[in-house]
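Shown next, in structure tokens, is the structure this report addresses.
The values are calculated or read from the model by the stated rules, or taken from the named source; none is laboratory data. Note that the structure is predicted; figures quoted are calculated from it, not measured. Ideal geometry is used to build each Cβ from the backbone, glycine not excepted, and the neighbour counts take in all protein chains shown. The area values use the complete protein model at the heavy-atom level, side chains included, leaving out ligands, DNA and RNA. Shrake-Rupley method; radii C 1.70, N 1.55, O 1.52, S 1.80 Å.
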Amino acid sequence: MNKIIKKLLASATSVTLLAGAMGGIAVNAADATATMPTRAAAIEAVERANDAWISRNPNHGRSFWDNAAYYVGCMEAYYTTGIEAYRNYATAWATQNAWKGATSTNKNEWTYSYDESMRGVLFGDWQICFQTYIDLYNVELMESRGDTADSNKIARAREVMEYQMSTNNNAYWWWADSLFMVMPVMTKLYLVTGNEQYLDKLTEYFKYARDEIPSSGGGGNGMFDEEYKLFFRDAGYMYPDGSKNRGGLTTNGIKDFWARGSGWVFAGLAKVLSDMPTSYANRPIFLETFQLMAEGVKATQMAEGYWSRSMADPDYAPGKETSGTAFFTYGLAWGINSGYLDRDTYLDTCLKGWDYLYNTALSAEGIVGYVQPIGENATQSLNVGPNSTSNFGVGAFLLAGCEISKLAGGVEGDIYPYLQKKMIGSIALEVNTPHIYDNGKICHIDENNHDIISYINNGRTMVPVRGVAEHLGATVEWDDATKLITVVLGDRTVKMTLGSANYTVNDEQKVLDVIPEVVEGRTFIPLRAMAEAIGKEVYWSEAPNAAEGGNGLIVIGHKADPFFECDANAVEMLRTMLGIPEQYPQRPAQPEKDFVVKVVIPTLSDTNRIQADSIVASAEPEMSQGHGATAASDGDFNDDSRWAADGNGVNITFEYEQAQSIGQVSLTFWKPLQRTTNFKLEYTTDNSTWVTVFDGASTLGKEQEIFDINQTVKKFRITGNGNSENTWFSLIEFCAYKPGVSAGTANVSTTTTTTTTATTQATTTTSATGTKVALSTANVKFSQEPESQNPGRHCLDGTEGTVWASQGVGCTATVDLSSSKTVSSVGVKFKLYEDARTIPYHVELSDDGSTWSKVYSGNSVASSNAKIYLAINQSARYVRFTFDGNTTSQWNSVDEIEVYTN
């Protein structure tokens, strides 16, 4: 133990103290390229990011990959900080999803191609959730001290993965992301079950993905590139003939490596190596790949510390990006902490990555920004900014921050959960004490004789064979006539004879250097020989006071190195627990976290829900797929049950035969974590006058849009105007509830207006009429200007190519004409995009600045920056242009806006 402490002290004092942005010690102080943070600063960053995310997302989403990737990070934050609120948040999500991924029970329809439906059971994006479920199961097992744990938590994971392993297919992992999604599931299930098939199939699937999968053109094999030591995203991007780009090349003729794609793999390998047995025959394949990737990662880091989306060709997709950077930083920090990456070689790279994450990506409010939205290549959504965040990006940040905290100062504080995680699948004992640690529980080596202890004989630790072997899951038989001891675990059978140095492992002859002996009626054998004979590793930690006769700590399990230098305090806690008398740790008081954690599982049978008597939609183009109007009110919140229609102005009406008293309503849209939906919610009490409750865009990341009504209603009408990706409107479920029943926290109130006239739709023209109004920042107000280089005034200057850039749905430019005038025309010109993306937008008029009339709703023209004119000829003082993010990202780039009056 002294050795560990001395190494920690040596590493801390071998560098120069420096007061840096993170408050810590300088590395490479000559040019101050990176600083070692304090552990406290890293932990504060983890809590700031996670608290902000939970506070903004009290409701939980489905168990698909993007949500599940966040919860992987959330559980790491729990293990690192011990904050039970984080564990509770993950448990609520798992409970809401019934501890399942895709839920189909018909194995004949299970698929592993891209499939967001409930049939995609074998698709890795539906399997990553199992990582968190297994973690929560293990926490419960440890917390109950080995007595009970709800096997339902891992039942679906085992059912799915064991069915998958029973097939002859090895092509399940056909894209880079899947290696993070599913590889750790299989090592975690190995630790729970001891079934080595999980490791063997893991190897088979990984080798296919790494070395065998053919490119889409058939000219290459495997996603791993030996030249750059990075992974292509999938077969379509592989060199030399990927079909999704230019044969695997960027526009500059350089191999195309997407940072988040390789980031998934690098982080996934770190997680696998954390759990995989040290002695597993195929482990070198994973370790070698991890170490080679570290070389490729180090070589492609930008000077500012982040990794560009296009790793080998930053000019192809320039700018900051957080998710890939976080995964690389996590993997590098874990590699250094574990000793599998050379500290001197990789520390500066790792700390520069964290410097970017801490000082640039993380805001003071805890927003993890500059996250590229969901996609599959480097060039998607280039205009990310400080408010571009996502669930999976936060999860990656949490992984990085937790590992950096150990690099900076080891494990401290409430570390009992961390120790529990480290000890999954292992047992521990201390020489010359009667205790043994197993599944979080301290018990006696021999419950019938508390005087039985382990001891040292001729330099070897001797243990009672039955007392230890059975804790490792083995069975022990004793033949009194022959004095034969038989130990069986899995496919291994060990036979030893009392008084003889000879023994066999699966009939292979071996020789002990210390002969088995009897003490107080118990047969003692050399611990290491027995453990290794049944496929276990032995870890020895010398006591700090060994010179004075202190007792050494022994851990028996699947790892030869279960603890690293940063784990010194965890080792000491384990040693204390095993002492005399045994001591369970007194965990420190929990920090106060003001979270509202919800489990929302609404059902049709809810007696508080009021069902419409008729449902009518303006269009039902996907009836054959089951996406008709009635699907929007059937109590089924799965993605496959929704009403979908294409185009602006599509609507669906829910009518009651007798007017009903309604308290709140909720709307659930398709893909709420990926995109926003543009909609208008109205109701009528008399079938004549319609009251507008909301007209705008849904909130990105919000599972349900909830509104207070508190009226007697005859009909509700929902009008759809596409979404931030395309022109489709997809409503999963509309719910109306009785007064006094809470569906959740209502949306922020918007101005409620009453209208009795239909919206006038302006027409597009090739030129404007009337006199052009001189516009400047004195009479035009912009809702946001997030990029100082692209301010609002750029779309008022009449200069070609200068743009106003804004991010998100509902970004507005409002023109004040000082008095009511006849607006004859308006004009809009957008940035010229090389691809086919478009920007949804609409134009509204108002006389008072509070009641608005929409006169036009449409989209920009793909691959064109020609000015679009609208013929209006209506009186108004205010003209408001609203832009709803382009169909590739959430950014709006507007070259010009113009207003003409008569």
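A few comments on the model shown:
- Within the range 563-581, considering residues that are β-branched (Val, Ile, Thr) and open to solvent by 40 Å² or more (accessible area, probe 1.4 Å), the one nearest to the chain's Cα centre (by Cα): 576
- Scanning the range 824-844 for residues that are open to solvent by 10 Å² or more (accessible area, probe 1.4 Å), assigned to a strand (DSSP E or B) and without any contact (Cβ under 8 Å) to a residue 60 or more places away in the chain returns a single hit, 844.
- Failed condition for residue 579, given (1) of a type outside the set (Asp, Glu); (2) in a strand (DSSP E or B); (3) modelled with pLDDT under 90: (2)
- Assessment of the range 517-527 against the conditions (modelled with pLDDT of 90 or more, among the hydroxyl-bearing types (Ser, Thr, Tyr) and within 49 Å of the chain's Cα centre (by Cα)) yields no matching residue.
- Wholly enclosed strands (runs of 3 or more DSSP E) of the range 358-445 bearing at least 2 residues touching a residue at least 12 places away in the same chain (Cβ under 8 Å) and open to solvent by less than 10 Å² (accessible area, probe 1.4 Å): 427-430, 435-438
- Of the residues making up the range 446-470, those that are open to solvent by 50 Å² or more (accessible area, probe 1.4 Å) and closer than 17 Å to residue 553 by Cα are 453, 456, 459, 460.
- Single condition residue 98 does not satisfy, out of (1) touching a Phe, Trp or Tyr at 6+ places or on another chain (Cβ under 9 Å); (2) over 22 Å from residue 205 (Cα atoms): (1)
- If you go through the range 298-335 and keep only what is at pLDDT 95 or above and at positive phi, you end up with just 305.
- Sole exception among (1) out of contact with any Cys (no Cβ under 8 Å at 6 or more places or on another chain); (2) open to solvent by less than 10 Å² (accessible area, probe 1.4 Å) for residue 332, by number: (1)
- Test set (1) modelled with pLDDT under 90; (2) touching a Phe, Trp or Tyr at 6+ places or on another chain (Cβ under 8 Å) - residue 851 fails condition number: (2)
- Any hit, the range 752-766, residues being over 30 Å from residue 372 (Cβ atoms), open to solvent by less than 50 Å² (accessible area, probe 1.4 Å) and assigned to a loop (DSSP other than H, G, I, E, B): yes
- Test result for residue 61, buried (at least 24 other Cβ atoms within 10 Å of the Cβ) and within 18 Å of the chain's Cα centre (by Cα): no
- Residue within the range 230-239 that is buried (at least 19 other Cβ atoms within 10 Å of the Cβ), closer than 30 Å to residue 422 by Cα, touching a residue at least 60 places away in the same chain (Cβ under 8 Å) and not aromatic (Phe, Trp, Tyr) present: yes
- Filtering 61, 101, 82 for residues that are under 18 Å from residue 368 (Cβ atoms) and out of contact with any strand residue (DSSP E or B) (no Cβ under 8 Å at 6 or more places or on another chain) leaves a single hit, 61.
- Considered as a group, the residues in the range 767-796 that are assigned to a loop (DSSP other than H, G, I, E, B) and without any contact (Cβ under 8 Å) to a residue 24 or more places away in the chain include one that is surrounded by the fewest Cβ atoms within 10 Å (Cβ to Cβ), and that residue is 788.
- Among strands (runs of 3 or more DSSP E) entirely within the range 628-733, having at least 3 residues that are within 22 Å of residue 609 (Cβ to Cβ) and open to solvent by less than 30 Å² (accessible area, probe 1.4 Å) singles out 650-669, 677-684, 690-697, 705-723.
- Residue match in the range 104-113 (condition: open to solvent by 30 Å² or more (accessible area, probe 1.4 Å), in contact with a helix residue (DSSP H, G or I) (Cβ under 9 Å, 6 or more places away or on another chain), of a type in the set (D, E, K, R) and in a loop (DSSP other than H, G, I, E, B)): no
- Residue within the range 343-352 that is part of a strand (DSSP E or B), out of contact with any Leu (no Cβ under 8 Å at 6 or more places or on another chain) and open to solvent by less than 30 Å² (accessible area, probe 1.4 Å) present: no
- Any chance residue 107 is closer than 15 Å to residue 185 by Cα and either in contact (Cβ under 8 Å) with a residue 12 or more places away in the chain or more than 19 Å from the chain's Cα centre (by Cα) (or both): no
- If you go through the range 482-506 and keep only what is out of contact with any Lys or Arg (no Cβ under 8 Å at 6 or more places or on another chain), under 21 Å from residue 472 (Cα atoms) and of a type outside the set (A, V, I, L, M), you end up with 490, 491, 492, 493, 495.
- Residue within the range 463-478 that is among the acidic types (Asp, Glu) and in a loop (DSSP other than H, G, I, E, B) present: no
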